[in-house]
Amino acid sequence: MPLDILLKETSIQTPDPERSFKNLERLLKAAPAILKEHSSQIKNIAELFSYSQFLADYSINNPAKLSHALKSLYIPVSKQIIVKEAKNKSVPLTKQEVIKFLRELKKDYLLRITLRDIMRVTSLNECMSELSSLAKAIVELALEASFALMKERYGEIKDNPFSIIALGKLGAGELNYSSDIDIITVYGSYEGISTGVLSPSGVRINKINSHEYFCRLT
């Protein structure tokens, strides 16, 4: 059967046939090799493109990411796996680079989680758990990067613990696709001054109190 006819017939079986077919046509034009390589999974791609225009656009613009997600369907998603993968990549240096890196990481894993859900690889509870793991991993990586940026500018606050507490659905590990995350941050004591950093002339500058330090960190 010609590929264009297969795409048409497959898209008819999805919740939004018109959107699915248009996106499949775009993928065929942008990366025909992906459809040929994953010909046995065209139904799953069609469903994905029907459910989410956001992920359809991401997949069409990044076909290698779609291919990787399809090949990783049976690998469970956990916070540990996400954090480990992120740390194996080059570490971003600036705030804007960190933001871009975390956005891409989120899209990559959201694509995997959604495909695993669509293909019934995961149950509802498992899907919510994986979405929660993704959020926790991003928060952990963002915190680590923020500490590094704060240290670079203001030095460190010693012997003053800091924690992020998840409330609501994230706290319960029950995030869904449209959930926000509700978090609060706490620190041990308002006493203390950061170590600051050395200026080019050797003078220690940018010392700030713990309240300002942790507010900026948050």
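The values are calculated or read from the model by the stated rules, or taken from the named source; none is laboratory data. Just so it is clear, the structure is predicted and the values come from calculations on it, not from any experiment. Ideal geometry is used to build each Cβ from the backbone, glycine not excepted, and the neighbour counts take in all protein chains shown. Note: areas computed on protein heavy atoms with side chains; ligands, DNA, RNA excluded. Shrake-Rupley method; radii C 1.70, N 1.55, O 1.52, S 1.80 Å.
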**Complete:** Taking segment 1-58 and the residues there that are open to solvent by less than 60 Å² (accessible area, probe 1.4 Å) and of a type in the set (Gly, Ala, Ser), the one that is farthest from Ile118 (Cα to Cα) would be Ala31
**Request:** Determine which single condition Thr114 fails, assuming it passes every other condition in (1) closer than 23 Å to Ile181 by Cα; (2) in contact with a Ser or Thr (Cβ under 8 Å, 6 or more places away or on another chain); (3) free of Cβ contacts under 8 Å to residues at least 60 places away in the same chain.
**Result:** (3)
**Message:** Can you confirm whether Ile138 is under 23 Å from Leu66 (Cα atoms) and touching a Leu at 6+ places or on another chain (Cβ under 7 Å)?
**Reply:** yes
**Message:** I want to confirm something. Restricting to segment 69-125 and keeping residues that are surrounded by 18 or more Cβ atoms within 10 Å (Cβ to Cβ) and among the acidic types (Asp, Glu), which single residue is farthest from Leu149 (Cα to Cα)?
**Reply:** Asp117
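Which of the residues spanning segment 132-166 are of a type outside the set (Gly, Ala, Ser), open to solvent by 50 Å² or more (accessible area, probe 1.4 Å) and assigned to a helix (DSSP H, G or I)? If you could, list the steps in order and put the result at the bottom.
Keep residues of segment 132-166 that are of a type outside the set (Gly, Ala, Ser), which gives 134, 136, 138-141, 143-144, 147, 149-154, 156-162, 164-165.
Subsequent filtering for residues that are open to solvent by 50 Å² or more (accessible area, probe 1.4 Å) retains 136, 140, 144, 147, 149, 151-153, 156, 158-159, 161, 164-165.
Across segment 132-166, the qualifying residues are Lys136, Glu140, Glu144, Phe147, Leu149, Lys151, Glu152, Arg153.
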**Asked** Consider Asp180 against the criteria (1) modelled with pLDDT of 95 or more; (2) among the acidic types (Asp, Glu); (3) within 30 Å of Ile113 (Cα to Cα): it satisfies all of them except one. Which criterion is unmet?
**Response** (1)
**Request:** Identify, by number, the condition in (1) closer than 30 Å to Ser123 by Cα; (2) modelled with pLDDT under 95 that Ile164 doesn't meet.
**Result:** (2)
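Those residues that are among the β-branched types (Val, Ile, Thr) and under 18 Å from Thr94 (Cα atoms), I need them from segment 134-187; list them, please.
From segment 134-187, those among the β-branched types (Val, Ile, Thr) are 138-139, 157, 164-165, 181, 183-186; that's our starting set.
Listed by number, the residues that qualify are Ile138, Val139.
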**Asked** Tell me, which residue of segment 195-217 that is open to solvent by less than 100 Å² (accessible area, probe 1.4 Å), in contact (Cβ under 8 Å) with a residue 12 or more places away in the chain and within 14 Å of Leu143 (Cα to Cα) is farthest from the chain's Cα centre (by Cα)?
**Response** Tyr213
**Answer residue from segment 167-194, given it is under 28 Å from Glu130 (Cα atoms) and among the aliphatic types (A, V, I, L, M) and is surrounded by the most Cβ atoms within 10 Å (Cβ to Cβ) among those** = Leu175
